[in-house]
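Undergrad: First the structure, then my questions, so here it is.
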Amino acid sequence: MPDEIAPAIHRLATDYPHVCGLPLWLYVIDAGSEVVLLDSGIASTPESSTAPELAALGMGLSDLTLVVNSHAHPDHMGGNAVLQKHSRARFAAPALEAGWLEDNERLLTELWGSDPDAMELSEDERSELLGMLDDRVRIDVLLRDGDRLPGDRPLQVITTSGHSPGHIAVLDEPSRTLFTFDDVQGRGRPFLDSAVWLAPLYTDVIRYTNGLRRLLELDFDALVPSHGDPVDATAGRALIEASLAWVNDVDTLTAELLRTQGSLTVRDLAGAIGTDLGPYGGINLQTVRMARAHLEHLARRGAAEPRWHSRD
Ligand SMILES: [Zn+2]
């Protein structure tokens, strides 16, 4: 039976732990005139998990009227096409990420393919990702900072950016429940059956830290992430502070390596972040995107110089 984490808000289990080795929770909210689902999981999630979870609450996929995608990553929007098949729900998502939400090729190129010297997807990885993403659906409601979600319940949209360029948080004002999805990452999190941790992921240092500071300013009683359990305000604030401290650690490592080595590639730095700062498995999407973000951050401050050189 799904937990009721706040009045008329239930959290729904998913198949993600079995598929990708990480917890992932979705949330269904009774918002009066709307039945809202926060995130849609991967392509397999609606039929394997969301339908039975809703059935335990006396509902079905066809009862959903609004699906909100917090950001354009496969585990948060891959279920959209299947939900569209089973319901008349409208889809709402950050305006800043409409391009990624509606175009898989663009997402793969701009997110996974940003630094081909550091990382390139194999054909198998590509098809695995496309399998989790499924077909894209058109986003009906483009969300901007300060918007309220449709419905009779005051659910406020806060643009945090950071983990993903347009990432949003949602605050349920009556219960002061703050859904942060993937934006408050601390120092990453362990995979369920492995010694390796998933590193934090962000694409812009300033936007990530500004978003975290905005969350610190909000009045909330519970902080609810997608890949973990809800925590109270004290633990939530500590997790936000730990996320900020992590950014500082990567910034220090970046400046130090650049000073001692003279020059640095995204690949060099990703490898260092992924081994020196913890058991993050070296070079992967998370460490590559952080490496690029921190090098760009130094360049914008005038403390480093980006260069291209010919291989011919
Ligand atoms: Zn996620």
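The values are calculated or read from the model by the stated rules, or taken from the named source; none is laboratory data. The structure displayed is predicted, hence computed values, not measured ones. FYI the Cβ positions are ideal-geometry reconstructions off the backbone, even for glycines, and counts take in every protein chain you see. Surface accessibility is based on the protein's heavy atoms, side chains included, excluding ligands, DNA and RNA. Shrake-Rupley method; radii C 1.70, N 1.55, O 1.52, S 1.80 Å.
Undergrad: Normalise the Cα radius of gyration of segment 246-299 by 2.2 N^0.38 Å (N = residues in it) and let me know the number. Don't jump to the answer; show the numbers that get you there.
TA: Working: Rg = 9.7 Å, N = 54, 2.2 N^0.38 = 10.0 Å.
For segment 246-299, the normalised Cα radius of gyration is 0.97.
Undergrad: If you average 1/r over all unlike Cα pairs in segment 1-112 and invert the result, what Kirkwood radius do you get in angstrom? Intermediate results must be reported in sequence, preceding the final value.
TA: Working: mean 1/r = 0.0707 Å⁻¹.
It is 14.1 Å.
Undergrad: Where is the GNM fluctuation largest for the chain (alpha-carbon springs, 10 angstrom cutoff): S243, S175, S263?
TA: Comparing S243, S175, S263 in a Gaussian network model of the chain, the most mobile one is S263.
Undergrad: Where in segment 229-312 are there trypsin sites (Lys or Arg not before Pro) that are in a DSSP coil and have at most 13 other Cβ atoms within 10 angstrom of their Cβ? Please list the in-between numbers first.
TA: Details: sites: R237, R259, R267, R289, R292, R300, R301, R307, R311; in loops: R301, R307, R311.
The qualifying sites are R301, R307, R311.
Undergrad: Counting only DSSP beta bridges with both residues in segment 1-109, what percent are antiparallel, rounded to the nearest 5? Don't skip to the answer; put the middle values down first.
TA: Values: 12 of 18 bridges.
Close to 65 percent.
Undergrad: Please list, by residue number, every one of the trypsin sites (Lys or Arg not before Pro) in segment 62-120 that is coil in DSSP and has at most 15 other beta-carbon atoms within 10 Å.
TA: On the way: sites: K85, R88, R90, R106; in loops: R88.
Filter output for segment 62-120: R88.
Undergrad: Taking Cα pairs under 8 Å and at least six residues apart, what relative contact order does segment 3-244 come out at, in percent?
TA: With pairs under 8 Å counted, the relative contact order is 16 percent.
Undergrad: Would you please give the residues with an amide H less than 5 Å from that of R90, counting only those at least 5 places away or on a separate chain, with H modeled from the backbone geometry?
TA: Under 5 Å from the amide H of R90: L66, V67.
Undergrad: Which percent of Cα pairs goes in each bin when the distances of segment 3-244 are cut into 5 angstrom slices starting at zero?
TA: Percent of pairs per bin, in order: 1, 6, 14, 19, 22, 18, 12, 5, 1, 0, 0.
Undergrad: Most mobile of T65, T275, T254 per a Gaussian network model of the chain (Cα springs, under 10 Å)?
TA: T275
Undergrad: Determine the order of V82, V19 by accessible area, beginning with the largest, at a probe radius of 1.4 Å. Walk me through the intermediate numbers first.
TA: Values: V82 15, V19 75 Å².
Putting V82, V19 in descending order of accessible area: V19, V82.
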